[in-house]
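The structure under discussion appears below in the form of structure tokens.
Where a number appears in this text, it was derived from the coordinates with a stated rule and is not lab data. These numbers come from a predicted model, not from an experiment. All Cβ positions, even for glycine, are placed from backbone atoms using ideal geometry, and neighbour counts span all protein chains on display.
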Amino acid sequence: MSEEMTYESAFAELDKIYQQINNEEVSVDLLAEKVKRAAVLIEFCQARLRSTEDEVNKIIEGMPGTGD
């Protein structure tokens, strides 16, 4: 996976794979390869979302007037 991968590029590639599979454009010979790549992209996107959520929560917790 490229070091420059972004959430948007990973999601776009994942969407392309989904469309190809959904439209039956993927041969049986390539299906497993596409599914493996999709799994990697899903893992990347989930990690990026969790990281961003944690970062946003830390920022919100540090804002004045938001502490308990």
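Observations on the structure shown:
- Selection count, segment 1-53, where residues are in contact (Cβ under 8 Å) with a residue 40 or more places away in the chain and exposed (fewer than 11 other Cβ atoms within 10 Å of the Cβ): 1
- The residues listed here are Ala39, Ala47, Ala10, Ala32; of these, the one that is among the hydrophobic types (A, V, I, L, M, F, W, C) and touching a Cys at 6+ places or on another chain (Cβ under 6 Å) is Ala10.
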